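Structure first, then comments.
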Amino acid sequence: MTRYRGHTEGRLEDAFALFRLERVGNRVAPATLKHYDFHLPRFFAWLRANQPEVDDVDQVSVTHLRLYRAAEAERLNRFGKPISAKTLHGSHRCLRAFFRWADLEGYDIDHRVLRLPKVRLPVKEADVFTITQLRKILAVCNPKYPQQELAIKILVGSGVRAAELAGLCAVAPDGQPDLMLDSMNRGRAELRIRWDAGAKGQKTRRVPITNKLATAIKRYETRFRPRVDDRALLISAHGRGYNHWGLQSVINRLERDCGFHIHMHAFRHTFATVATQMGWNFERLRAAMGHSDYQVLQRYVRLATDRNLGPRKDWADFILPPEEI
């Protein structure tokens, strides 16, 4: 049996190994597996330290879950701060997924664990950028590394996530570029967000982009992109494709130079808000954002009503107007 870091052998770990193996076979995203590997062994370790009589899945009661959740809510992280609601929420989701699997697997579980309410997450206001802020961000990009400015333009011009940006390829494993120009006869280009390159839920989609952004991508590929074996579209100064931390280091420097808070997901919020203000069809926006339903998009309707991010004609250089889709 595979031995996971921090584990000792036991029936709970045996069940977890089977659960994880099944999830791998179902092609669960690597990020989801990492969450399982973090949260579930932590719960097993807590049981072993505080409830040593519990050795199997069907011995876990709803009381154990409640005690564990209370202990986690009072725990401090390595910086001496309380555990975030997002972490507690993630723990709840992992435990619920595991016990749902155990129920289907035939374990005699305490079904009350499946009815525990999820951890409440605070509703935070989404960060968005005005056109003035976006231009300031672009102005402080290092001209020696044109991939930095291009990364910002792709983030705000397509609404892709950081992992999806890092997954864009000049030439993908299937031999095709992720900059798709086969729609140019309809007056637009598209970015292909592939299921095997960071797309959330492993769902491939295409995102329409402006011809100006498509031209900037082709110019970078032709004139500035180093000739390296790495397939990634954006190549760092170290000669390899950016990962999340490489992109984050760029964002950190831009934040210092701009003097206001910048995070990568704010570009995605900005894209959706401006697209809504421009009048994008809801189905087109949902497909471009990669959401499974319309519920998440409602926040952008409110932001589009409340926020003035700049004139539509100024944003048309970055985000495709709906009449061109």
**Study point:** Boolean, SER91 is in the same structural domain as PHE38 (by TED's automatic domain parsing) and surrounded by fewer than 17 Cβ atoms within 10 Å (Cβ to Cβ)
**Key:** no
Point to revise | Out of LEU88, LEU121, LEU95, LEU150, sole residue that is hydrophobic (A, V, I, L, M, F, W, C), over 25 Å from ASN26 (Cβ atoms) and at pLDDT 95 or above | key: LEU150
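Going by what's in this entry, would VAL24 be described as surrounded by 14 or more Cβ atoms within 10 Å (Cβ to Cβ) and either among the hydrophobic types (A, V, I, L, M, F, W, C) or in contact (Cβ under 8 Å) with a residue 40 or more places away in the chain (or both)?
When the stated conditions are applied, VAL24 does not pass them.
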Study note, to complete from the structure: Scanning segment 241-263 for residues that are more than 15 Å from the chain's Cα centre (by Cα), of a type outside the set (Asp, Glu) and not in a loop (DSSP other than H, G, I, E, B) gives GLY241, GLY246, SER249, VAL250, ILE251, ASN252, ARG253, LEU254, ARG256, CYS258
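Given the structure, is LEU12 in contact with a Lys or Arg (Cβ under 9 Å, 6 or more places away or on another chain), surrounded by fewer than 18 Cβ atoms within 10 Å (Cβ to Cβ), farther than 26 Å from ASP196 by Cα and modelled with pLDDT of 90 or more? Please lay out each step first, then the result.
On the way: in contact with a Lys or Arg (Cβ under 9 Å, 6 or more places away or on another chain): yes; surrounded by fewer than 18 Cβ atoms within 10 Å (Cβ to Cβ): no; farther than 26 Å from ASP196 by Cα: yes; modelled with pLDDT of 90 or more: yes.
Criteria not met by LEU12.
Suppose the filter is surrounded by 12 or more Cβ atoms within 10 Å (Cβ to Cβ) and either under 23 Å from the mean Cα position of the chain (by Cα) or more than 30 Å from TRP195 (Cβ to Cβ) (or both); does ARG78 pass it?
Details: surrounded by 12 or more Cβ atoms within 10 Å (Cβ to Cβ): no; either under 23 Å from the mean Cα position of the chain (by Cα) or more than 30 Å from TRP195 (Cβ to Cβ) (or both): yes.
So ARG78 does not fit the description; no.
Residues checked against (1) outside the structural domain of LEU155 (by TED's automatic domain parsing); (2) touching a Gly at 6+ places or on another chain (Cβ under 6 Å); (3) among the charged types (D, E, K, R):
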{"site": "ALA197", "(1), (2), (3)": "no, yes, no"}
{"site": "ARG206", "(1), (2), (3)": "no, no, yes"}
{"site": "THR215", "(1), (2), (3)": "no, no, no"}
{"site": "GLN248", "(1), (2), (3)": "no, no, no"}
{"site": "ASP257", "(1), (2), (3)": "no, no, yes"}
{"site": "MET264", "(1), (2), (3)": "no, no, no"}
{"site": "PHE267", "(1), (2), (3)": "no, no, no"}
{"site": "THR270", "(1), (2), (3)": "no, no, no"}
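Looking only at segment 207-257, filter to residues that are among the small types (Gly, Ala, Ser) and under 26 Å from ALA272 (Cα atoms); which one of those is surrounded by the fewest Cβ atoms within 10 Å (Cβ to Cβ)? Spell out how you get there, then give the answer.
Quick first cut of segment 207-257, residues among the small types (Gly, Ala, Ser) only: 214, 216, 232, 236-237, 239, 241, 246, 249.
Keeping just the survivors that are under 26 Å from ALA272 (Cα atoms) gives 214, 216, 232, 246, 249.
On the way: ALA214: 21, ALA216: 18, ALA232: 21, GLY246: 16, SER249: 12.
Once the filter is applied, the top-ranked residue is SER249.
Conditions (1) among the acidic types (Asp, Glu); (2) assigned by TED's automatic domain parsing to the domain that holds GLU22; (3) out of contact with any Asp or Glu (no Cβ under 6 Å at 6 or more places or on another chain), marked per residue:
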position	(1), (2), (3)
TYR68	no, yes, yes
ALA71	no, yes, yes
ALA102	no, yes, yes
TYR107	no, yes, no
ASP110	yes, yes, yes
Exercise for review: Output the residues belonging to segment 264-289 that are in a loop (DSSP other than H, G, I, E, B) and surrounded by fewer than 14 Cβ atoms within 10 Å (Cβ to Cβ).
Suggested key: GLY279, ASN281
Practice item. Can you confirm whether segment 281-299 contains a residue that is under 18 Å from the mean Cα position of the chain (by Cα), closer than 16 Å to VAL160 by Cβ and among the hydroxyl-bearing types (Ser, Thr, Tyr)? Key: no
Practice item. Would you please name the residue that is nearest to GLU125 (Cα to Cα), looking only at residues in segment 297-325 that are touching a residue at least 40 places away in the same chain (Cβ under 8 Å) and of a type in the set (Gly, Ala, Ser)? Key: GLY310
Exercise for review: Mind counting the residues in segment 121-180 that are among the aromatic types (Phe, Trp, Tyr) and out of contact with any Phe, Trp or Tyr (no Cβ under 8 Å at 6 or more places or on another chain)?
Suggested key: 1
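The values are calculated or read from the model by the stated rules, or taken from the named source; none is laboratory data. As the structure is a prediction and not an experimental result, all values here were calculated from the model. Cβ sites come from the backbone with ideal geometry, for glycine too, and all protein chains shown count toward neighbours.
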